[in-house]
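Here is the structure we will look at, set down as structure tokens.
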Amino acid sequence: MPTAADLLREVKEQIREVDPREVQDDRSRNGDGSSPVLVDVREQNEYEQGHIPGAVHVSKGFLESRIEGAAPDKSRPVVLYCASGNRSAYAARSLERDLGYENVSSMTGGITLWKDRGYEVEVPRALTAEQRERYSRHVLIPEIGLEGQLKLLDAKVLLLGAGGLGSPIALYLAAAGVGTLGIVDDDVVDLSNLQRQVAHTNERIGVPKVDSAEQAIRDLNPDVEVVKFQTRLDASNIMEIIEGYDVIVDGVDNFPTRYLLNDASVRLRIPVVSASILGFDGQVSVFAPFEGPCYRCLYPTPPPAELAPSCGANGVLGVLPGTMGLLQATEVIKLVVGAGEPLVGRLVLYDALAASFTELKVRRDPDCPVCSRDPESISDEEMGVFPDYEAFCAAAG
Ligand SMILES: [Zn+2]
């Protein structure tokens, strides 16, 4: 019986080996398509701890099934490497003998020798051990994966309101690992909020909602940085507050702020995930500036007075902001990771009593007073202009 060492020696006699110096010289000479394809055949976790820059990763176990994706041209030279040059020797033999590659070599001494020579190693960004565990169910979904999770951790999402919609959104986006959550709310927690505003607690009645929400987020996920704005959004502060955020989640309950937010977000080209609720009815949409309609394309004038919750206290099913808020949170995650079809140009209506969803197409208005224009031309004075709002609310009684 040949020993493992015999077998390895035999394999190495059948393949070509190259010294790391040769690989390095090749790379510095021609960084174009004529240089060999460099393939790292180690396991995923080894690759993540550091690899040769520009190397493609095809672990040895997947070599047969995946190498053609990484190196489609079988006449182009291929250099394989592993940790020490043994696994890559076996892999080289298999590429040449079984898969028809014409010019395959295995790098002597693997990445260990490469590092000893002081050549460059690239360490890709990775999750910490704790994050790998925390977000494991995300990483397992191909649409999110490691890359998507890193995008979530880098994302800055601004929540307007830490109330009915803002509470579930804050909790789920925090749980999902959105790295920065800005929260704008000038209110304090009231007993009547607790029927639906699940980020707050009995103990925190009387506490500013931004502080209460921050506490809830910290308890859930210390990865999240919370930026608090205990203020009301108005024309004087909106540009300063929203600038730099990747996505804005609109949970505000009044139309003047909605129009103001729309105009400012169009000017800064920030997508807004918007929802509103009343009674048993909710609606949700995504306003992506210049990609789809804006809020003013949808509502050139305020909706009918009876649908204007800001005109006074209105009843709402306590669960409804949860349902709608989580639809918003879902849209935020899709926008951040770039998965699926966002609700751009679509308005989804939810009727909780009927348990039915209705989707309406919304088109951009070519004459929209805001998004039909060059964003730079929208002046501060024009933003949030909302004709007859006082009269409108007065008429609603
Ligand atoms: Zn518009």
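The values are calculated or read from the model by the stated rules, or taken from the named source; none is laboratory data. It should be emphasised that the depicted structure is a prediction, and the values quoted were computed from it without experimental measurement. Cβ placement follows ideal geometry from the backbone for every residue including glycine, while neighbour counts extend to all protein chains displayed. Surface areas here come from the heavy atoms of the whole protein model, side chains and all, with no ligands, DNA or RNA. Shrake-Rupley method; radii C 1.70, N 1.55, O 1.52, S 1.80 Å.
Just a few scattered comments:
- Those helices (runs of 4 or more DSSP H) of segment 141-257 in which at least 2 residues are within 13 Å of the chain's Cα centre (by Cα), considering only elements entirely within it, cover 145-154, 166-176.
- So residue 29, is it open to solvent by 60 Å² or more (accessible area, probe 1.4 Å) and touching a residue at least 12 places away in the same chain (Cβ under 8 Å): no
- Unmet requirement for residue 231, which otherwise passes all of (1) touching an Asp or Glu at 6+ places or on another chain (Cβ under 6 Å); (2) in contact (Cβ under 8 Å) with a residue 40 or more places away in the chain; (3) within 16 Å of the ligand (Cβ to nearest atom); (4) not basic (Lys, Arg): (3)
- For the criterion of being in contact with a Pro (Cβ under 9 Å, 6 or more places away or on another chain), more than 30 Å from residue 154 (Cα to Cα), more than 16 Å from the ligand (Cβ to nearest atom) and not small (Gly, Ala, Ser), residue 278 passes.
- Enumeration of residues in segment 13-26 that are open to solvent by 60 Å² or more (accessible area, probe 1.4 Å) and within 18 Å of residue 113 (Cα to Cα): 16, 17, 21, 22, 25
- Of the residues examined, residue 234 is not one that is open to solvent by 40 Å² or more (accessible area, probe 1.4 Å) and at pLDDT 95 or above.
- Those helices (runs of 4 or more DSSP H) of segment 43-133 in which 2 or more residues are β-branched (Val, Ile, Thr) occupy 110-116.
- Within the set 189, 104, the sole residue that is without any contact (Cβ under 8 Å) to a residue 40 or more places away in the chain and buried (at least 22 other Cβ atoms within 10 Å of the Cβ) turns out to be 189.
- Test: residue in segment 184-191 that is modelled with pLDDT of 95 or more and in contact with a Leu (Cβ under 7 Å, 6 or more places away or on another chain): yes
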